[in-house]
Each structure stands twice: as C-alpha cells, then as structure tokens.
Amino acid sequence: MRFVSRLKAFRCFEPITRLNRNVGTQNANPEITHFGFKNVTVKEKPKKVNEVFDRVAGNYDLMNDVMSAGIHRLWKDRLITVLNPCDKTKLLDCAGGTGDISFRFIKRVKLQHDCPEPNVTVCDINPNMLEVGKRRAETQNLHLKWVCCSADDLCFPGASFNAYTIAFGIRNCTHIDKVLKEAYRVLEPGGRFLCLEFSEVENPYLRNLYNTYSFQVIPVMGEVISGDWKSYQYLAESIRKFPSRSQFSQMMRDAGFQNVSCESLTFGVCSIHSGFKL
Amino acid sequence: MAALYPNHIPITKLSRILLAGSSAVAALRNPYRDDMVAVCSETTACNALEHMRGRMLDDETGRRILNEQPRVNSSTVDLKLLRALPESTLGRQYVNMLNKYNITPDSRRDVKFVDDPELAFVLQRYRETHDFNHLLLGQRTNLRGEVAVKWFEAIQTFLPMCWMAAVGGTTRLSRKRRLRLLQQDLPWIIPTAKSCQFFMNIYFEERLDQDIDDLRDEMKIYLPHS
C-alpha cells in the first residue's frame, strides 16, 4: 500500500540559479528596480518591502537598539534639534511607522513651547508598523493622527504642512523622485523637508569595518532575535543601493527644493538632508 | 557563493561563528526556541554530516535514501491511510503521536546554513526522522524523553548540537527526573545507540505498515520492559 505519494521522489536540493548580485549595475529597463542586491519589477518592490516590514514590525524598536547600540536615538534627537520645531509647526512624519520621530517632536514642542497639542500626522504604507506606533502612543498618552498611505502618493491636499520628515524610510521607496515631488507638494511655501537616512562612510578603514558589521553581524542579530536573516540582509543591501549624498541632494533640487544641505553623522553612517520650499 | 538550494543562505566564516555561539546560548536559555536549536545544529555540524553521509553510503538503503532524497511532510505522507492501520504499526503510532502532541509532519524547519546540498539533505532527513526515533525508543516528547532521544542521536550521528542538547538538557532536568534518566534510561539507551542499526539507513516511509516491535527487533533496539 502506498502511504507515501510519488512526490517523495522529487529532488528538493537541486542547485538553483545564481542570485543576481549585480551590485551597482544600472538597469536600463524602467520596469526593473532593485530590492537590495536583487533585481525586481517596479510592481513587485512595494509588495516585497511591505513583507519585510510585516515581519520586522514586532521587533523593530528592539532591533534598532541592538543593531546601533542605541545610537539611532541620538540620530533621531539630532533630527528634531535641526528641525527646531515650535508651536506653529505642522509636521508630516512620513514612513513614521512606530512613531520615534513624532513622539520626540511632541515632547520637544510641549517642553519648549508649552503647547498642549502639537500638530503632527504620521503616515506609513505598512499598517502593522502603524499599529505598533499607535500602541506605543497609547502607553505614553500621546495624541497624534495616523494615516496609512504611500509616500509617493500622499492623500493630503497641497500646502497642508510646514515641516516634513522621513527617517530611514526613503530608501525603501520604489520611486524616490515621486516621494520628493509629493513632499514638495504637501509643504507650504517656507516649509522644510528633512530626511534622515543611511549614507556612505568616507574613511576606507571604517568603511570596511562598517561593511563587515552590516553584512556579517547584523543579519546574525536578525536571525537570533527575530528569526529573520533575510530582512536584515535586505537592510544592509538597501543602504548600499541608495543614491550618494551628492546624488540625493541633486534629486532634492530637481524636485524643487532650495537651500539644500547635508549633515553627516557618526562618520557618515547616516546623514540629515535638508531643503526648503521657497 | 550563490545559493545552492531553496532556502540556502550562504554565510561567511565570521557570521557562522557568531551564529553558532549566539544560537547555542539562545537554545540553552530557552529550549522551546526550535528555530535556534535548528540554526545551532546547522552552524556547528562540522564533520558530523560527512560522518553521517559516510555511514549512509556504506549501506544499500542509505545510498537509496541519498539518491531519492525523500521528504517527510504532509504532502508526501498520507495521514488518512496511516490512521486506518493496525495499532501496533509504526505508521499508526506515528499518527497517534502527531495527534497527541498536536504537531504535524510540517513542524520541522528547512535547513538554511549548510553549504553543500547533499549534506543539507542529510541534516534535513535527520530532522524529519527524529519523531520516528521517539517512537522506536518509546520516549515521550517531554524534556526527559527529548534528552533521552538526544543521547541516542548524539552517539549515532556525532552531531555537536545533539551532544549539547543531551548534556545541557540533562542539567536542566529536575533532580528527580535527572536521576531517573541516569539510572533508568541511559543504562540501556547508550549501549543500544552503540550497537543498533544507524537510524538514518532506515527508509521509514516503506516501513509504516510494519509492526513497530518487528522493526525494533530488526534494528536491534530492545526496550527495557520488553
């Protein structure tokens, strides 16, 4: 009697084709973009990024602390210091997921300007990240608006904010140019765009150390803490695929921003990009 | 290195050392983290997998298993048919165990960190036949039973993770259960492991309708109460 189907005979460990690791290769086909070091279609990328964030949402804040030894908190503090908000600031925190930037904004404005209800809206394409943020806000008794929408197709009218932040989110977007154009659209004249994002380490010795850490240590942390190697491998790869500081600054100018500047943090591990809609 | 099989994640030596150490700590702290037990077994396997493959190549059935690479999961094993078998058969005992402990044949994780497709299969096969070892040795899936089976598997396979689980698990048992393991279980499990047939050379899928006591006799596994 056959208790075991004919399927048993299939070979499960046949070699599969090599992963496409054309690091830095420009693909001429506009329908193809990068997902880390892999090439994917532009339609597939948002779904794949969403899957990554579905997986990491639960442990997102813990992993940030572990991977950066808590330094990400200093980077985010610096972003708010550069923003220098006041009680008249109307902030859109894009890809704001678990709320780190918006919570800092609220606390700064309440403390320095005695404003009882700072005006901040958090938007993110991933509902799971927003849920984590909402739960955190409840425990700290903070009141914000939470909106689920894509950064390259914002659901807000033009000129509805005077400050826009996007922290460690823009490199996951399929069309960075569209995100910048949307940011420009929703800002009022005089409004400020700020982007905190991973960048390139200039010093070659430190860069080697940083590469070793990104590609060989961080995924180990991801596997042990979250059981997820691939999402943290994607993190390291997506950082390498992001435009350079000068390229991104030019993209900001192309979107219409002026007085574009860039501040490097922690030897270039990340940068704060600033621009104004004048 | 490119990926050599589905789910393969090639890693560097540094990553392997870090992963081996941290997964071992995570698994020892919390033995219910089956993902860490799996990762630990893959990153610390060293030469044990070659030893296991060698023993399989020396046996006709072992060679057939290596050639055909059968998998034990819900799409390859017909649980309905097994439920209809007589109570004393391996297949019926297997499906009873799955029901009792609310597990499925798909509970075992896929191998990711072994850099040779055939050795990855050997480790996957070990994982998927572990439940049959519980049945052959008459051991429950509580901690004492798991530790007893791990002693058996450690001696047969040489896998470092099995040794860590056997020794580490023994220390985690309560004093009473540890004494029972040392005085009742190990005195027959250890000599059995040394003398019985290598479990990786049993094509379990072909023995599901065999009486389990017959299979034990064939393999030279003699339970203490029999």
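The values are calculated or read from the model by the stated rules, or taken from the named source; none is laboratory data. Only a predicted model underlies this, so the values are computations on that prediction, with no experimental measurement involved. All Cβ positions, glycine included, derive from the backbone under ideal geometry; neighbour counts span all protein chains shown.
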Taking the condition of being within 14 Å of another protein chain (Cβ to nearest Cβ) and either more than 19 Å from the chain's Cα centre (by Cα) or not in a loop (DSSP other than H, G, I, E, B) (or both), how many residues in the range B:193-226 meet it?
5
Which residue pairs have Cβ atoms under 9 Å apart, sit 6 or more places apart or on different chains, and have a first residue in the range B:31-42 that is more than 8 Å from chain A (Cβ to nearest Cβ) and a second that is surrounded by 24 or more Cβ atoms within 10 Å (Cβ to Cβ) and among the aromatic types (Phe, Trp, Tyr)?
B:SER41/B:TYR126; B:GLU42/B:PHE113
For the range B:4-58, name all the residues that are more than 28 Å from A:THR212 (Cα to Cα) and among the hydroxyl-bearing types (Ser, Thr, Tyr).
B:TYR32
Pick out the one residue from B:LEU136, B:LEU123 that is farther than 15 Å from B:ALA193 by Cα, modelled with pLDDT of 95 or more and either within 14 Å of chain A (Cβ to nearest Cβ) or part of a helix (DSSP H, G or I) (or both).
B:LEU123
Scan the range B:168-192 for residues that are at pLDDT 95 or above and either in a loop (DSSP other than H, G, I, E, B) or crowded, with 20+ Cβ neighbours inside 10 Å (or both) and jot them down.
B:ILE189, B:THR192
Subset of the range B:148-167 [assigned to a helix (DSSP H, G or I) and not aliphatic (A, V, I, L, M)]
B:LYS150, B:TRP151, B:PHE152, B:GLU153, B:GLN156, B:THR157, B:PRO160, B:CYS162, B:TRP163
Identify the residue in the range B:123-166 that is in contact (Cβ under 8 Å) with a residue 40 or more places away in the chain and of a type in the set (Gly, Ala, Ser) and, among all such residues, is farthest from B:THR44 (Cα to Cα).
B:GLY138
Is the range B:69-78 home to any residue that is under 30 Å from A:ILE225 (Cβ atoms), acidic (Asp, Glu) and within 13 Å of another protein chain (Cβ to nearest Cβ)?
no
In the range A:81-103, which residues are of a type in the set (D, E, K, R) and surrounded by 20 or more Cβ atoms within 10 Å (Cβ to Cβ)?
A:ASP93, A:ASP100
Taking the condition touching a Ser or Thr at 6+ places or on another chain (Cβ under 9 Å) and not acidic (Asp, Glu), does A:GLY36 pass?
yes
Quick one: in the range B:139-156, which of the residues that are more than 10 Å from the chain's Cα centre (by Cα) and β-branched (Val, Ile, Thr) is nearest to B:CYS196 (Cα to Cα)?
B:ILE155
When every residue in the range B:19-30 that is polar (S, T, N, Q) and at the interface with chain A (Cβ under 9 Å from one of its Cβ atoms) is compared, the one farthest from B:GLU118 (Cα to Cα) is B:SER22
Test for A:PHE267: is it surrounded by fewer than 21 Cβ atoms within 10 Å (Cβ to Cβ), in a helix (DSSP H, G or I) and on the phi > 0 side of the Ramachandran plot:
yes
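Name the single residue, out of those in the range A:37-80 being part of a helix (DSSP H, G or I) and hydroxyl-bearing (Ser, Thr, Tyr), that is surrounded by the most Cβ atoms within 10 Å (Cβ to Cβ).
Residue satisfying both the conditions and the ranking: A:TYR60.
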Name the strands (runs of 3 or more DSSP E) wholly within the range A:134-249 that hold at least 1 residues that are surrounded by fewer than 16 Cβ atoms within 10 Å (Cβ to Cβ) and without any contact (Cβ under 8 Å) to a residue 24 or more places away in the chain?
none
State all residues of the range B:83-97 that are surrounded by 12 or more Cβ atoms within 10 Å (Cβ to Cβ), more than 14 Å from chain A (Cβ to nearest Cβ) and either without any contact (Cβ under 8 Å) to a residue 60 or more places away in the chain or in contact with a Phe, Trp or Tyr (Cβ under 7 Å, 6 or more places away or on another chain) (or both); if no residue qualifies, say none.
B:ASN96, B:MET97
When the residues of the range B:1-18 are filtered to those that are surrounded by 19 or more Cβ atoms within 10 Å (Cβ to Cβ) and farther than 22 Å from B:GLU128 by Cβ, which remaining residue is farthest from the other protein chains (Cβ to nearest Cβ)?
B:ILE11
